[in-house]
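A short reminder: the numbers here are calculations on the coordinates, not readings from a lab. Everything quoted here is computed from the prediction, not taken from an experiment. Here Cβ is always computed from backbone atoms with ideal geometry, including for glycine, and neighbour counts include all displayed protein chains.
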Amino acid sequence: MEITVCIGSSCHLKGAPSVVEQLQRLIEAHELAERVVLRGSFCLNRCQSGVCVLVDGKAYSLTPESTERFFLQTILPCG
């Protein structure tokens, strides 16, 4: 599974660093490092919403507050 987090200026201001840190922590905590690749990318052209995150090409909009719930509901069952 590949997770790509936008780290462009708009997403950065909306909390991308916190989203990345939380995803890194959760991937490690659930021992998914060998099955989940976490990448950063500049501008994914979805600046109108929260932090843009692609999971195997499917787009999601996250905030620092919604990241853990997203991980538990979307990533963990597939990991």
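Once the Cα atoms of helix 16-29 and of the chain are each reduced to a long axis, what angle between those two axes, in degrees from 0 to 90 to the nearest 10, is obtained? It is inclined by approximately 0 degrees. Evaluated at q = 0.23, 0.24 Å⁻¹, a Debye calculation over the C-alpha positions of the chain (equal weights, vacuum) places log10 I(q)/I(0) at -1.03, -1.12.
Placing unit charges on the Cβ atoms only, positive for Lys and Arg and negative for Asp and Glu, gives the chain a dipole magnitude near 280 debye about its Cα centre. Loop-located chymotrypsin sites (Phe, Trp or Tyr not before Pro) in region 1-76 (DSSP state other than H, G, I, E, B) with a sparse environment of at most 12 neighbouring Cβ atoms within 10 Å: PHE42. DSSP beta bridges fully contained in the chain are about 60 percent antiparallel. When only the Cβ of Lys, Arg, Asp and Glu is charged (+1, +1, -1, -1), the dipole of region 34-79 relative to its Cα centre reaches about 120 debye.
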